[in-house]
Amino acid sequence: MTLSKRERIERLMAGETADRPGIALWRHWPGDDQNPEELARSTLDWQAQHDFDFVKVSPDSGFCVEAWGAESKWVGGDEGNRRYVAHPMRRAEDWAAIQPQDPHQGRLGGQVRCLELIGRGLNDDTPFIQTIFSPTAQIKYLAGSRDVLAHVRMHPDAVEDALAAITETTIRFLEAIQHTGVSGIFYAVQLATPRELTREEYERFGRPYDMEILKAANELFWFNLLHLHAADAYFDLAEYYPVQAVNWHDREGAPSLAEARSRFDGALVGGLRQRETMLLGTPADVRAEALDAIAQTQGRGFILATGCVTLVTSPLGNIRAARAVVEDAG
């Protein structure tokens, strides 16, 4: 029996098998991501072309920090990310400018509009989830990758006040998008790695704010996916965060999919290397890696994806090959 996309995702996020493994690939939309209508159109066209089991909506990260003075520009690159050219947090007193924002104004309001368009444009039961950057990710964009750790360690109280305002703004935004029909969030965590924040530091500056946002998300939505960014990210966050799915760089770091299956009860989202396989490999390489991922999990609670974004220059033949694997597995 063929399941609907929502039925399939619900079974997989319960850690069960479905009629087949799931699949979802997502990418950035440089240029288009500066306009709500264009981002919605590109996102819908991508889904119409590939028919994935859920849609991840991918605005550029600046949508959540521009109101506080961060500036970015498109300079090229296969990930599709923009480069930050202005980081407003330079001194301890600068953090006081981070006050809660109205989610209906500015770039946040534009993203509400984008989700309204996507919700109306998806003419079936396809789940769609909005990218939300964790408060630790947002302070990195505001202070810059080079300086953010110094701010955290030298001005902890000021940074914590800012983290609280960012958290409040994020929750306001979640409440503002509920009416769009969005299914949940793709919660992107950064700095949760020993190369950046120690475990003790993340327990103070990361976890409490993550939990506030994820608790709110679970009250509003049914499908919330945790993305742990970095090959050495603290995977055990997935074991106690209230999320239904987890995505991490499983091919570049620990744990493997097989190990993660014994540690996390929800859906495991990954299995494909974004660069070596999806960008530089062949359809045969994609198929082999995908089949290995399915074997590691026995297809139970498994959604085939890249460990991070699909690169914008990835061959369409590789994307089609990934899509075909899950159909064959069914």
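Read-outs throughout are calculated quantities, based only on the coordinates presented, and are distinct from any laboratory measurement. Only a predicted model underlies this, so the values are computations on that prediction, with no experimental measurement involved. Positions of Cβ are generated from backbone atoms using ideal geometry, with glycine treated the same way; all protein chains shown enter the neighbour counts.
Okay, here's what the table says:
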{"item": "R0 of 30 Å, Cβ-Cβ distance Asp328-Leu280: FRET efficiency to nearest 0.05", "result": "0.85"}
{"item": "Distant-in-sequence amide H partners of Ala245 (H built 1.01 Å from N, under 5 Å)", "result": "Asn224, Leu226, Ala267"}
{"item": "Partners for Lys140 among lysines (Cα-Cα distance below 29 Å; same-chain residues under 8 apart left out)", "result": "Lys56, Lys73, Lys215"}
{"item": "Among beta bridges that DSSP assigns inside the chain, antiparallel share in %, nearest 5", "result": "10 percent"}
{"item": "Residue-span extension gain [Ser262 to Arg320] - 0.36 nm each, minus C-alpha spacing", "result": "17.9 nm"}
{"item": "For the chain, calculated [θ]222 nm from helices alone, where every DSSP H run of n ≥ 4 adds -39500 (n - 2.57)", "result": "-12500 deg cm²/dmol"}
{"item": "Label-zone membership for region 262-288, site Asp78, 7 angstrom Cα→C-beta point, backbone N under 12 Å", "result": "274-282"}
{"item": "Phi to ³J(HN,Hα) by Karplus 6.51 cos²θ - 1.76 cosθ + 1.60 over region 256-268, Hz, x for Gly, Pro", "result": "6, 4, 4, 5, 4, 4, 8, 10, 9, 8, x, 7, 9"}
{"item": "Gained length - Asp45 relative to Glu200, 0.36 nm times residue gap less alpha-carbon distance", "result": "51.5 nm"}
{"item": "Spin-label model distance (nm) - Ala295 vs Glu239, 7 Å beyond Cα toward Cβ", "result": "2.7 nm"}
{"item": "Residue exposure sequence - Trp46, Trp29 - by fewest surrounding Cβ within 10 Å", "result": "Trp46, Trp29"}
{"item": "Inter-label distance for Gln105 and Arg90, nm, one decimal - labels placed 7 Å from Cα along Cα-to-Cβ", "result": "2.4 nm"}
